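Enquirer: Pasting in a structure now, in structure tokens, and then I'll have a few things to ask.
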Amino acid sequence: MANCIQLEDYKKAARLFAIAGAYGTYDTYRVEDKTAHQAILIIQQNIFSSFEQSQTNLLLQNLKQELEPNSESLQAICSQIKEIGFPQYHPTYMIQHGIGAFTGNKGNGLIEGFNSNESWVLALNTYLRCEE
């Protein structure tokens, strides 16, 4: 996404931001330590702090356009991300941001009995407002 912004391809950057946001939302559903969920905000702050205000404004403008409810662009993003599917990685980046990482997490940091499919649909519907 940062490379796209540097190349002034704000549309692509907005789409990548949307996908990353859906993945981050999904990760908040599966990571047990709720204090770790702040990782999303920290990552976003780090990303935005590296750009000039004019670049951030252009990204936000493109996000608004690309994620317009019921728009063709949102439908295309939803189709693409559904095709990619839910994350297959272990969300270490998030788990390491929680208090549990300092007090000795027990287990792998994920919610036991987590329903991947149900949570993926929920992430798409709440974060991107994708329709089923």
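Enquirer: At 0.36 nm per residue, and after removing the present C-alpha to C-alpha distance, how many nm does the segment from Ser54 to Ile19 gain when stretched out fully?
Expert: Between Ser54 and Ile19, full extension yields an extra 10.3 nm.
Enquirer: Mind grabbing the accessible area of His97 for me, 1.4 Å probe, Å², rounded to tens?
Expert: 70
Enquirer: Follow-up. Give me the compactness ratio for the stretch 1-116, meaning the Cα radius of gyration over 2.2 N^0.38 Å.
Expert: 1.19
Enquirer: In degrees from 0 to 90, rounded to the nearest 10, what is the angle of the helix 39-49 Cα long axis to the longest principal axis of the chain?
Expert: That works out to roughly 30 degrees.
Enquirer: Something else about it: Please report, as a whole percent, how much of the solvent-accessible surface of the stretch 1-56 comes from carbon and sulfur atoms (probe radius 1.4 Å).
Expert: So the carbon and sulfur contribution to the accessible surface is 53 percent.
The values are calculated or read from the model by the stated rules, or taken from the named source; none is laboratory data. Model, not experiment: these values are computed from the prediction. What goes into the accessible areas is simple: the full protein's heavy atoms, side chains included, and nothing from ligands, DNA or RNA. Shrake-Rupley method; radii C 1.70, N 1.55, O 1.52, S 1.80 Å.
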